[in-house]
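Data first, discussion second: the structure below is written as structure tokens.
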Amino acid sequence: SSSSYTPTNGRDAYNRTLAPQIGDGYEFGIKTSALDGRISGSISYYNTDITNRPESDPNPPADATNPTPMRTSGEIRSKGYDLDLLISPIPNWDTKLSLNLSDALTVASVQGNTLGQRPLNSAKESWTVFSRYTFRNTWAKGFYFGGGARHRGPPIYRYVAGTMTQPAAAAAAA
């Protein structure tokens, strides 16, 4: 079991700092290694509740001094799996593969159309692959080259009478 405390930068209708965001959850998993550490990996399951999530105040008081007030009334429940695999096929060459499968839902909100929906900017799946070769015993000691790619499934980017999504994002690096 773990707990987190995250200060927020939002302000209420009277420009007072909002209460911190609180997270409570647990995680468990397994790690393994084979071939003298040339292959290693882990898989874990997590379940987290986040309360006091800042949200836009849909009904600010008439005498509000902040034109864009927020409230800490949201709650998110997130659970899912993380999978990591590290492969070193030859000395100095490492390849890492990561996968996240997440099921996050808004369970409390002053924004009625978000209840039971995924939170803003949350994706159901994401993955990363990155490979690099590091020079260790040459004049280029400490230098490396590599490349990779990542994918993030389509996150929610706004709510309008239901959910709207944006296309999946993918990137490559070298």
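The values are calculated or read from the model by the stated rules, or taken from the named source; none is laboratory data. Only a predicted model underlies this, so the values are computations on that prediction, with no experimental measurement involved. Positions of Cβ are generated from backbone atoms using ideal geometry, with glycine treated the same way; all protein chains shown enter the neighbour counts. Just so you know, the surface numbers come from the protein's heavy atoms only, side chains and all, with ligands and any DNA or RNA stripped out. Shrake-Rupley method; radii C 1.70, N 1.55, O 1.52, S 1.80 Å.
Cβ under 15 Å from A149's Cβ, A149 left aside: what net charge do those residues give with Lys, Arg +1 and Asp, Glu -1?
Surrounding charge for A149 is +3.
Largest GNM mean-square fluctuation across A19, A149, A62, computed for the chain with C-alpha springs under 10 Å, falls on A62. The share of accessible area on the chain that comes from carbon and sulfur is 56 percent, using a 1.4 angstrom probe.
Per residue, segment 27-142 exposes 63 Å² of accessible surface when a 1.4 Å probe is rolled over the protein heavy atoms with every protein chain present. With viscosity 0.890 mPa s and temperature 25 °C, the Kirkwood radius over alpha carbon pairs of segment 46-137 converts through Stokes-Einstein to a diffusion coefficient of 149 µm²/s. At 37 °C and a viscosity of 0.692 mPa s, what translational diffusion coefficient does Stokes-Einstein give for segment 1-154, taking Rh as the Kirkwood radius over Cα pairs? Give it in µm²/s as a whole number. Using the Kirkwood radius from Cα pairs, D works out to 174 µm²/s.
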